[in-house]
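Read through the structure below, which is laid out as C-alpha cells, and then see the notes.
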There are 2 protein chains.
Amino acid sequence: MSFVERREKIYDWMAKEGISLLILEDAEHNRDKSVRYLTGQPGDALVFLSATRKCLLVPWDVNMAALHANADDVLPYAKFDLNANHAAKAAAAYFKTPYGGRIETPARTSYPAFLKYVENLSDYDVLCRNEGARAELERLRAVKDADEIRLYRLLAEKTNEIIDLVEKNVVDKTLKTETDVALFIEAECRARSCEGTGFQTLAAGPTRSFGIHCFPSYTAGAFADKGLSILDFGIVLQGYSSDVTMSFARAPSKAQERQLQLVEKAFAVAYNIVAETFKGKKPEAKIPARDVALAVDDFFKKEKCAMPHGLGHGVGLDVHEAPYLRRNADAHGHIERGMIFTIEPGLYDPAQGGCRYENDILIGEEGAEILTKSKIVRL
Amino acid sequence: MSFVERREKIYDWMAKEGISLLILEDAEHNRDKSVRYLTGQPGDALVFLSATRKCLLVPWDVNMAALHANADDVLPYAKFDLNANHAAKAAAAYFKTPYGGRIETPARTSYPAFLKYVENLSDYDVLCRNEGARAELERLRAVKDADEIRLYRLLAEKTNEIIDLVEKNVVDKTLKTETDVALFIEAECRARSCEGTGFQTLAAGPTRSFGIHCFPSYTAGAFADKGLSILDFGIVLQGYSSDVTMSFARAPSKAQERQLQLVEKAFAVAYNIVAETFKGKKPEAKIPARDVALAVDDFFKKEKCAMPHGLGHGVGLDVHEAPYLRRNADAHGHIERGMIFTIEPGLYDPAQGGCRYENDILIGEEGAEILTKSKIVRL
C-alpha cells in the first residue's frame, strides 16, 4: 500500500468521525511511527491531515523530508519557531478548516499541552482521545499488507543469517564478550542494508541473565560462559523491525535444563494454539490475543513457576505494537490474518539466571508460520 | 548528593507546594530520568513520593531494582497488573494520603490518561502541570553537584580518549565506513566501563552530511571521503552522557572551507560570551541561555547564512536537558554556575554537505571550561 493509499483510509475514517483536521506528531519525547507510516518521513515532524483529503508535513529537517517524505505540501518546522501550537494554528488556516470543526490532537498529548492546544485553537472543537485516530492507526498498522509481508520475509531471512552466524561464532569462541556479540550484530545488519538494530541489543552473560532486560544492555563481560545467557535483538529494514531472542546454555545444571525445557514447551503451547486457530484458509478466523497469553500462564502455573512479563507483541514500525499477547490486554484485541507478532516465553531466577526464547510469527493466508529461526543453543 | 538527599529536596518542595503524593513514571513511551535521579533505578518504574517523606518504588523488574535502586519500599509492578492507576490507588492508601490531598501526576501524562487518574483517585485533588514537579526536578538536575562534576570530568577524559583514537584511525584509514566509526566508539566506550552511547551515533559521510541528524544514523557507506563528514556521539557513565560532534573535511572546496570557519567562529562567539559572564568567582553570575543563542544567530545572519537548529543544551541523565540555548527558549532559563551544556553550531547545505562542531562546557567555580576536546579535522 502506498503512503497515499494509507492516507486515503485515514481520510475515510475522518469523514466517518467528522474530523476536520487530524494532527500527528513525532518528537523526541513523543515518538509516533504513524508519521512514517503515512508519509515516509522517518522522524521529528508534525503531520496535518485535512478533511479536504490533503496532507501537510512540517518536518524539523526539510532536507531529510525532500529525500524521504511523501506529502501534498511541506513547510519547515522552523517557520513556526518549533512550536506545535503555532504550526497547528497555521495548518488550520491553510486548510480553511471551518470554525467549530473538530480538530483531533495526538492521543499522547500531555494534559498541559492539550490545554495549550485548546487555548490556541479556540475557534475549533479540539479533541484528544485514546479511542480515536491513534487506535485506528494501531488497528491499520497491526494488519500487514502484501508489501509489508514481503518485506518481513526478507527481514526474517537477514535475521536468520545473523542468528546462524552468531551461533557459529559463539560456538567457536570468536565472540567471547557481550560487546563482541552485540557489535557483531550491529555490523552484520548494516552490511545487509539494514537501518540498524530495532532496539539496544540485550546481551546478558550468565551473571546478568536473571534480569528480564539486562542493564546495561551489554558490557565487556563474558557471554555464553557456564550457565545461562540471553541475546535479544532485532534488525530494521525500511523502518520495520524483527525481534528475536536466543538463549545459550553452557553445561547447564539440572535446574537450568528444566528452565530451558519449560520455556521451549511454553513456546509450543502458544504456537500450537495459534496454528490450530488459523489452520485452513478461513479468512474470518481470529482469537483474542489475551487467551494465548493466559494459556501460557496456566502452563507455567501448573509447573509451579511464573513468567514476569507478557507473552508477545506485534512487530512493525514500532518494535512493540498491536496485537498485545498479555494477560492484562484488552479482551477485544484479537490476532487476525496478516498480523506479525512475537511469542517470547522466559523464566528468570536470581540464582540460576534466565532464559528466553522468541520468534516472529506471521499469520499468512495459508496459516501460521514461524518466520525467524531463533534457537536455544546448548554448548 | 545521595538519592536520599535528593529526595529530601523534593520533600521540602512538596511541603511548600502542599503536595501529599507525587507520582513519577519512567515507561517505554514516557521516559523520565528523574526516576533514576531520585532512586538509582535505571528504568521502567513508578515512583511515589509522600508528604510523610517516604518513597515507594514500583519497578517492572524487581531483580533489577534489588541491584540498583534506593527506596524506602519496593513493590513489583506486576502486583498491580502493570496498571499505573491501580498502583497509584494502592500507593495513596499505603501512605494514608489524606482525603482531598493533592496528588501530582507526571507532567507528561496524556490527557486521556490524566482523566483516568482523576477517575481512579476521586477521593483526592489530582494535578498535572508543566510548572510543577517536572520543572522543579529540571531545575535541580540542571545544576550539577560536586559528585556529578567529578563524574563529568572522568566522562570527558574517556570521551577525549575516544576522540583522539577516532581521529588517528580515520587519518590512517583504519576506520573507513560510517559503521566502522560508530562501532569503534561502541566498543571503546564499553571497554572503558561505560553503559554505552548516549544516543545512536550519527556518522554521516559526505553524501549524507547535509542532514542535521542523518538517517539512518550510520550505514556501510564511506566516511571521511572527499567533502564534509559529521560524527556526533556521546558516551554514558552511571547514566550521565557526554555529547560531542567532530567534523572531518577532506580536500574541502573554498565554499566548504568557509562553512567550517564560520562554524568555528560561531563556537568562539558563543563560548566567549559565556566565559566573559563567568569570569572571576562571583557566585551570582548568570545569563539567559537564549541570549547566547541569539548572539550566534546574529553572527550567522551577518554572514548571510542560518543555523537550522538550537545552539546547545544541558547534558546529564538526559542527553537533552536544561539549560536550553535556543532562540525560542523561555526568557527565564539562565545559565548558572554548576551547569554543564553543549555549544554546537552547525551549517548544512544540500549541495556542499554539512559540518557541526560541539563540545561540553562546564561552568565551574573558577569559571567556564571546555571539558571535551572535539575537533574539526582537515584531512
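Each value in this text was obtained by applying a stated rule to the coordinates, not by laboratory testing. This one's a predicted model, so the numbers in the text were calculated from it and none came from an experiment. Positions of Cβ are generated from backbone atoms using ideal geometry, with glycine treated the same way; all protein chains shown enter the neighbour counts.
Here are the numbers for this structure:
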quantity	calculated
Residue-by-residue Karplus 3J(HN,Hα) for region A:78-95, coefficients 6.51, -1.76, 1.60, Hz, glycine and proline x	4, 4, 10, 6, 6, 10, 4, 5, 4, 5, 5, 4, 5, 5, 4, 6, 3, 8
Rough spin-label spacing in nm, given labels placed 7 Å along Cα→Cβ, for B:LYS304 and A:GLU284	7.1 nm
Two-decimal Rg/Rh across the protein assembly as shown, once Rg and the Kirkwood Rh are taken from alpha-carbon atoms	0.95
Label geometry 7 Å along the beta-carbon vector: B:LEU379 inter-copy distances in nm	3.7
Dipole in debye (nearest 20) - region A:3-140, about Cα centre, beta carbon charges: Lys, Arg +1; Asp, Glu -1	180 debye
Theoretical ellipticity at 222 nm over chain B - DSSP helices of four or more residues, -39500 (n - 2.57) apiece, nearest 500	-11500 deg cm²/dmol
Of all DSSP beta bridges in the protein assembly as shown, antiparallel share, percent nearest 5	80 percent
Cα-centred dipole magnitude for region B:151-196, charges only on beta-carbon of K, R (+1) and D, E (-1), debye, nearest 20	80 debye
Peptide A:194-204, shielding by other chains (average Cβ, 10 Å cutoff)	2
Label distances, nm, B:ASP349 versus same residue in remaining copies, Cβ-directed 7 Å point	6.5
For A:LYS33, B:LYS176, order by how many other beta-carbon atoms lie within 10 Å, fewest first	B:LYS176, A:LYS33
Nearby aspartates and glutamates by direct alpha-carbon distance to A:LYS286 (threshold 13 angstrom, same-chain neighbours under 8 apart not counted)	A:GLU276, A:GLU336, A:GLU365
Sequence-distant residues sharing a close amide H with A:LYS226 (under 5 Å, placed H)	none
Charge dipole (region A:183-319, unit charges on Cβ, about Cα centre) - positive-most of A:PHE233, A:ALA285, A:ALA268	A:ALA268
Global geometry of region A:3-140, whether rounded, prolate or oblate, following the gyration tensor of its Cα atoms and the 1.5 cut on a/c	rounded
Karplus (6.51, -1.76, 1.60) ³J(HN,Hα), θ = phi - 60°, over region A:144-156, in Hz, Gly and Pro reported as x	7, 8, 4, 5, 5, 5, 4, 4, 5, 5, 5, 5, 5
Taking region B:143-378 and dividing mean pair separation by its residue count, relative contact order in percent (alpha carbons under 8 Å, at least six apart)	23 percent
For B:GLY198, residues with placed amide H under 5 Å, excluding near neighbours	B:GLY234, B:ILE235, B:VAL236
Dipole magnitude of chain B, debye to nearest 20 (Cβ charges: Lys/Arg +1, Asp/Glu -1, about Cα centre)	680 debye
Anisotropy class of region B:143-378 from Cα gyration tensor, a/c 1.5 cut	oblate
Amide H partners (placed H, <5 Å) of B:THR342, local residues excluded	B:HIS313, B:GLY314, B:VAL315, B:ILE361
Angle in degrees between helix B:178-191 and the longest Cα principal axis of chain B, rounded to the nearest 10	50 degrees
Estimated vicinal HN-Hα couplings, Hz - region B:121-131 in sequence order (Karplus 6.51, -1.76, 1.60; Gly, Pro = x)	10, 5, 7, 10, 9, 9, 10, 8, 8, 6, 8
Label 7 Å beyond Cα on the Cβ vector: B:ARG153 copy-to-copy distances, nm	6.1
Out-of-range pairs (alpha-carbon distance over 19 Å; input A:LYS173/B:LYS168; B:LYS9/B:LYS144; A:LYS226/A:LYS302; B:LYS168/B:LYS226)	A:LYS173/B:LYS168; A:LYS226/A:LYS302
Angle in degrees between helix B:133-142 and the longest Cα principal axis of chain B, rounded to the nearest 10	40 degrees
Residues A:GLU148, B:GLU188, A:GLU344 arranged by fewest to most Cβ contacts within 10 Å	B:GLU188, A:GLU148, A:GLU344
Degrees, to the nearest 10: B:254-277 long Cα axis against longest axis of chain B	50 degrees
Signed unit charges on C-beta, dipole axis of the protein assembly as shown, positive-most listed residue B:LEU362, B:ALA113, B:ALA255	B:ALA255
Ranking of A:SER374, B:SER193, B:SER122, A:SER229 by count of other Cβ atoms within 10 Å, fewest first	B:SER122, B:SER193, A:SER374, A:SER229
Efficiency of FRET from Cβ geometry, A:LYS373 and A:ALA251, R₀ 25 Å, rounded to 0.05	0.55
